[in-house]
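In what follows, a single structure is set out as structure tokens and then discussed.
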Amino acid sequence: MRAPPTKLDPGYNVWTPFWFLAPAVVALLAIGIYPTIFAFVTSFREYQLTRPRSGFPFVGLDNYQTILFDSTFRESLLLTFKFFLVVMPCQLALGLAVALLLHQPGVGFLRSIARVSLVVPLATTYAVVGLIGRLMFNRDFGVANAFLSWFGFPARDWLGSPSGAFAAIAAMDIWQWTPFCALIFLAGLSMVPVEIEEAARLETSSKWQLLKRVQSPYLLPGLTALLILRSADVLKLFDMVFVITRGGPGAATDLISVYIQRVGFKVFDMGLASAQAVVLMILTIILSRLYIRLIYREID
């Protein structure tokens with residue numbers, strides 16, 4: 001087999017590696033960076049889709065000033081954080097429990113099957129999860145009411161009541177992302193040195209002490225990644241909520257991404273919607289930084 005060319009070879013071209021990287025860089029610029037820059041620029045303009053001939057004049061910080069006095073934006077943002085505080089602890093606790101169960105000695109075959117099964121919810125798109133949620137929480141033939149009937153409880157109009165609709169989208173999000181948490185925690189547990197873990201199991205029979213003193217340091221990087229990724233996911237969650245409830249009933253499930261979509265594509269104020277999206281991006285960055293500081297306790 002011929003060795004790859006080096007800088008000493010006469011036929012070596014210094015630009016060859018960059019040509020292989022070019023497709024990925026172009027895709028990143030087109031899909032990620034350009035829309036971000038476009039939204040940032042648009043947030044300083046009066047970008048009304050109903051007035052395309054206005055020239056989209058520059059208005060400075062007017063859109064951001066409007067956000068400060070927009071009570072609906074604040075309510076949607078608070079509702080989104082409430083949703084996060086409901087689903088994230090459930091996902092972390094259930095994911096950790098599943099990971100610890102699969103990490104037990106003697107469940108190697110079960111662990112292999114479970115890893116494949118846990119990928120199924122992750123491979124399901126948000127829109128499909130929303131359709132499943134609409135069927136599961138249907139008042140007439142949904143599985144949720146059938147489950148309640150087994151215990152003698154009356155049928156409930158899940159999607160017609162504010163608390164029921166909120167519980168429905170929370171349940172579907174927990175179902176979809178708990179396996180992801182389990183896989184991340186399982187990967188962290190697999191990094192624990194076998195000899196150290198076996199010695200700890202011989203010295204103590206307490207599962208809590210084993211988790212706290214031996215396994216938790218290897219779980220912290222995964223926990224940080226989960227908090228950052230899931231925070232970003234919840235703040236931009238739109239498809240599943242829109243399919244299940246469309247933000248209703250009323251504003252019970254009007255998460256921030258659903259509200260921004262309504263401002264941009266129903267009110268047609270793309271300038272204000274872009275400013276709201278920029279604020280949302282800044283909040284995500286701040287939260288990510290806080291997670292890293294709190295978990296790793298950085299000292300400046």
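The values are calculated or read from the model by the stated rules, or taken from the named source; none is laboratory data. From a predicted model like this one, the values you see are computed outputs, not experimental measurements. Don't worry about glycine lacking a Cβ; one is built from the backbone with ideal geometry, like all the others, and counts go over all protein chains shown. These area figures cover heavy atoms from the full protein model, side chains too; ligands, DNA and RNA do not enter into them. Shrake-Rupley method; radii C 1.70, N 1.55, O 1.52, S 1.80 Å.
How large is the convex hull of the C-alpha atoms of segment 177-300 per residue, in Å³? Let's see the in-between values first.
Working: hull volume 17.5 nm³, N = 124.
Convex hull of Cα atoms, per residue: 141 Å³.
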Note down the nm distance, to one decimal, between modelled labels 7 Å out along Cα→Cβ at Arg246 and at Val116.
4.1 nm
State, to one decimal in nm, how far the label point of Trp208 lies from the label point of Gln48, with both points 7 Å from Cα in the Cβ direction.
6.2 nm
Percent of accessible area on segment 88-243 owned by carbon and sulfur, 1.4 Å probe?
72 percent
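Evaluate segment 102-217: find the radius of gyration of its Cα atoms, find its Kirkwood radius, and give the ratio Rg to Rh. Write out the running numbers ahead of the final one.
On the way: Rg = 19.5 Å, Rh = 17.2 Å.
Over the Cα atoms of segment 102-217, Rg/Rh equals 1.14.
Net charge near Gln91: determine it from the other residues with C-beta under 13 Å of the C-beta of Gln91, scoring Lys and Arg +1 and Asp and Glu -1.
-1
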If one puts a single equal scatterer on every Cα of segment 5-125 and applies the Debye formula without solvent, what log₁₀ I(q)/I(0) results at q = 0.10, 0.16, 0.23 Å⁻¹?
-0.79, -0.99, -1.25
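Normalised by the residues of the chain, what does the relative contact order come to in percent, with Cα pairs under 8 Å and at least six apart? If you can, show how the numbers build up before the last one.
Values: 313 pairs, mean separation 80.1, N = 300.
Normalised by residue count, the contact order of the chain is 27 percent.
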Hey, can you grab everything whose amide H is under 5 Å from the amide H of Arg45? Only 5+ residues off in sequence or another chain; H modelled, so Pro and N-termini drop out.
Val59
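Over 13 Å, how big is the tail of the calculated P(r) for segment 179-247, in percent of all Cα pairs?
Numbers: 1655 of 2346 pairs.
The answer is 71 percent, as a whole percent.
Are there DSSP H segments in the chain that both extend 24 Å or more along their axis (alpha-carbon positions) and score a mean Kyte-Doolittle hydropathy of at least 0.0? List them, or say none.
Numbers: long enough: 71-102 (46 Å, 1.60); 162-189 (39 Å, 1.29); 216-235 (28 Å, 1.19); 270-296 (39 Å, 1.67).
Taking the DSSP H segments of the chain (at least 24 Å long, mean hydropathy at least 0.0), we get 71-102, 162-189, 216-235, 270-296.
With N set to the residue count of the chain, report its C-alpha Rg divided by 2.2 N^0.38 Å to two decimal places. Don't jump to the answer; show the numbers that get you there.
On the way: Rg = 24.4 Å, N = 300, 2.2 N^0.38 = 19.2 Å.
After normalising by residue count via 2.2 N^0.38 Å, the value is 1.27.
Quick one: compute the contact order of segment 204-300, relative version, from alpha carbon pairs under 8 angstrom and 6+ residues apart, as a percent.
On the way: 53 pairs, mean separation 25.1, N = 97.
26 percent.
Between Glu198 and Arg139, what length comes free when the chain is fully extended (0.36 nm per residue of separation minus the Cα-Cα distance, one decimal in nm)?
Values: separation 59, 0.36 × 59 = 21.24 nm, distance 5.10 nm.
Roughly 16.1 nm would be gained on extension.
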Over segment 21-134, what is the mean sequence separation of C-alpha contacts under 8 Å (at least six apart), divided by residue count, expressed as relative contact order in percent?
11 percent
